[in-house]
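Student: Before anything else, here's the structure in question.
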Amino acid sequence: MASTTGTVSSSGSYNFKVVLLGEGCVGKTSVVLRYVEDKFNDKHVTTLHASFLNKKLNIGGKRVNLSIWDTAGQERFHALGPIYYRMSNGAVLLYDITDEDSFQKVKNWVKELKKMLGSDICLTIAGNKVDLEKQRTVAVEEAEEYANTVGAKHFHTSAKMNRGIEELFLELSQRMMERAQVQENERASSLGRAGSTRRNVVVVEDEEDEAAQTKSSCCGVAS
Ligand code: GDP
Ligand code: MG
């Protein structure tokens, strides 16, 4: 079973892998492009060639490097395997608030992640396209309640209007930092340093260098 590699380096910076999951066309690529490059495209975005984008944050004086993994459209062919999300510290499960089916798909992803990674991964569920509130078909209470029951946070986002996205990644990063710190402490105490409050952190750098993939187009019809 893959374990997470959220790492605290000796310099006190954090490296995390975050995967975006969700049905095709819910806005995964739009959310990551808005977050990292502050761009939005009304058409389906085909300009992203990398399989992940990096975002650097400073949280409470600590440097945090997020590698945010977007799919190259494989979700359309149900072809996303564990290779995509293994070693992830966090997952953002996205659905489209105007598409009930995309919310049901989130539940499948939660089951899959829990089965493969246990509770080692920080989960965030996000209802995207809240600018289309009038066309909402997924009830807010239902989504928030579901997130609660599986230990995930829930956010309301719009890549189009740039709503909720910074908040989502900030909150997720904070949770991943807390978890990484707990794991480091456990590691330190299991090495016989339980009495020390000072952390002698083991440096494990997480090298992500899978080949960049060319993004194929999806969403022939813009939603
Ligand atoms: P992906 O297949 O999950 O990566 O989805 P895309 O990012 O390609 O987006 C699919 C379609 O939804 C595109 O036409 C986007 O412009 C549109 N879209 C994405 N986010 C939003 C949003 O917040 N609001 C609205 N109205 N449209 C969005
Ligand atoms: Mg996409």
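The values are calculated or read from the model by the stated rules, or taken from the named source; none is laboratory data. These numbers were taken from a predicted model, which means no experiment stands behind them. Using ideal geometry, Cβ is built from the backbone for each residue, glycine included, and neighbour counts are taken over all protein chains shown. These area figures cover heavy atoms from the full protein model, side chains too; ligands, DNA and RNA do not enter into them. Shrake-Rupley method; radii C 1.70, N 1.55, O 1.52, S 1.80 Å.
Student: Evaluate the following for Lys160: is it under 17 Å from Thr98 (Cβ atoms), of a type in the set (Lys, Arg) and assigned to a helix (DSSP H, G or I)? Please lay out each step first, then the result.
Tutor: Numbers: under 17 Å from Thr98 (Cβ atoms): yes; of a type in the set (Lys, Arg): yes; assigned to a helix (DSSP H, G or I): no.
No.
Student: Select from region 124-145 the residues that are crowded, with 18+ Cβ neighbours inside 10 Å and either in contact (Cβ under 8 Å) with a residue 40 or more places away in the chain or part of a loop (DSSP other than H, G, I, E, B) (or both) and list them in ascending order. Give the derivation first.
Tutor: Looking only at region 124-145, we keep the residues that are crowded, with 18+ Cβ neighbours inside 10 Å, and these are 124-130, 138, 143.
Correct list: Thr124, Ala126, Asn128, Lys129, Val138, Ala143.
Student: Ok, one more. Just wondering, is there one or more residues in region 96-105 that are among the hydrophobic types (A, V, I, L, M, F, W, C) and either farther than 16 Å from Leu172 by Cβ or more than 16 Å from the chain's Cα centre (by Cα) (or both)? Please lay out each step first, then the result.
Tutor: Our first condition is that a residue be among the hydrophobic types (A, V, I, L, M, F, W, C); within region 96-105, this holds for 97, 103.
With the extra rule that they be either farther than 16 Å from Leu172 by Cβ or more than 16 Å from the chain's Cα centre (by Cα) (or both), the set shrinks to 97, 103.
Yes: region 96-105 contains one or more residues that are among the hydrophobic types (A, V, I, L, M, F, W, C) and either farther than 16 Å from Leu172 by Cβ or more than 16 Å from the chain's Cα centre (by Cα) (or both).
Student: Tell me which of these Tyr95 doesn't satisfy, since it passes every other one: (1) surrounded by fewer than 18 Cβ atoms within 10 Å (Cβ to Cβ); (2) part of a strand (DSSP E or B); (3) not acidic (Asp, Glu).
Tutor: Going through (1) surrounded by fewer than 18 Cβ atoms within 10 Å (Cβ to Cβ); (2) part of a strand (DSSP E or B); (3) not acidic (Asp, Glu) one by one, Tyr95 breaks only (1).
Student: For region 142-149, state whether one or more residues are in contact with a Gly (Cβ under 9 Å, 6 or more places away or on another chain) and closer than 30 Å to Glu184 by Cβ.
Tutor: No, region 142-149 has no match at all.
Student: Out of Val26, Val32, Val19, Val45, I need the residue that is at pLDDT below 70, open to solvent by less than 10 Å² (accessible area, probe 1.4 Å) and within 22 Å of Val106 (Cβ to Cβ). Which one?
Tutor: Details: Val26 fails: at pLDDT below 70; Val32 fails: at pLDDT below 70; Val19 fails: at pLDDT below 70.
Sole residue among the options that is at pLDDT below 70, open to solvent by less than 10 Å² (accessible area, probe 1.4 Å) and within 22 Å of Val106 (Cβ to Cβ): Val45.
Student: Return the pairs, sorted by first residue and then second, in which the second residue is at pLDDT below 95, the first residue lies in region 111-123 and is over 17 Å from Met176 (Cβ atoms), the beta carbons are less than 6 Å apart, and the residues are 6+ apart or on different chains.
Tutor: Met116/Pro82
Student: Is there a residue being modelled with pLDDT of 95 or more, of a type in the set (Lys, Arg) and over 15 Å from Val18 (Cα atoms) anywhere in region 114-125?
Tutor: No, region 114-125 has no match at all.
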